[in-house]
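All remarks here apply to the structure that follows.
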Amino acid sequence: MNEVFFDGMASFGDWGLYLTSLTIDAPKPKEIYVEIPNGDGALDLTEALTGEVHYESRPFEAVFAIKPETYSVDLERWLIGYLNGKQRTIRTKEEPGYYLVGRCATSLKNDGVLAVLTVKATCKPWKYKNDVTAINMTIGASGTLTINLTNERKRVIPTITASAAVTVVFNGQTISVNAGTQRLTNIALSYGDNVMTITGAESTTVLFEYQEGAL
């Protein structure tokens, strides 16, 4: 049975709702254009400020049928109380490895034969991976290792935990990383491959953790 999960609650397994329609639109890019007087077209400033594209909220809509033998006033009241106005993590069976984060709004129509519950949500643009990506490594006798941290579409600054001080060469920069846990703005992972070289004492451990977000 196809269903939707709101903070782990299953629309069919827990509530007996039949999913009849599911729409998850792609987020719209925030495009910025400035018209050029006495010139052709417009100046595209979409990526001018940060060097990347930003997105509007992602629309979500799920429509559920509630059979007469399942429907009750208590169920209706509980569903509205649980969903309406609440921010929930939303998962679907089509993409079990990802989740959305959105604030829900509900409406329910009951014609006496069939009740229909519509759940709309204004979601953050990104489909987040269920699990935080964690890459742990140990520097060998050479004192140097090269790694590739692959990342989804959302630019992200990883959390770095090092057992001792190391240096990281990334995007042409040499960056000092102290022992302990930190996030450094000059180590930001972009879409795809992110190759870096780490130098430090033998047996030093370095852990990278980051939350990937896809479109």
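Yes/no per residue for (1) more than 16 Å from the chain's Cα centre (by Cα); (2) loosely packed, with under 14 Cβ neighbours inside 10 Å; (3) not assigned by TED's automatic domain parsing to the domain that holds Thr50:
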{"position": "Ile139", "(1), (2), (3)": "yes, no, yes"}
{"position": "Pro158", "(1), (2), (3)": "no, no, yes"}
{"position": "Ala162", "(1), (2), (3)": "yes, no, yes"}
{"position": "Val177", "(1), (2), (3)": "yes, no, yes"}
{"position": "Gly200", "(1), (2), (3)": "yes, no, yes"}
{"position": "Ser203", "(1), (2), (3)": "yes, yes, yes"}
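Looking only at residues of the stretch 136-159 that are touching a Leu at 6+ places or on another chain (Cβ under 7 Å) and assigned to a strand (DSSP E or B), we find that the one that is nearest to Arg183 (Cα to Cα) is Val156. Consider the stretch 107-135 and keep the residues that are charged (D, E, K, R), in a strand (DSSP E or B) and over 24 Å from Phe208 (Cβ atoms). The one that is nearest to the chain's Cα centre (by Cα) is Lys120. In this structure, Thr46 does satisfy being within 30 Å of the chain's Cα centre (by Cα), in the same structural domain as Asp111 (by TED's automatic domain parsing) and among the β-branched types (Val, Ile, Thr). Identification of strands (runs of 3 or more DSSP E) wholly contained in the stretch 1-106 with 2 or more residues that are touching a Lys or Arg at 6+ places or on another chain (Cβ under 9 Å) yields 4-6, 18-24, 58-66, 87-92.
The values are calculated or read from the model by the stated rules, or taken from the named source; none is laboratory data. A quick note: this is a predicted structure, and the numbers were derived from the prediction, not measured. Backbone-built Cβ (ideal geometry, glycine too); neighbour counts: all protein chains shown.
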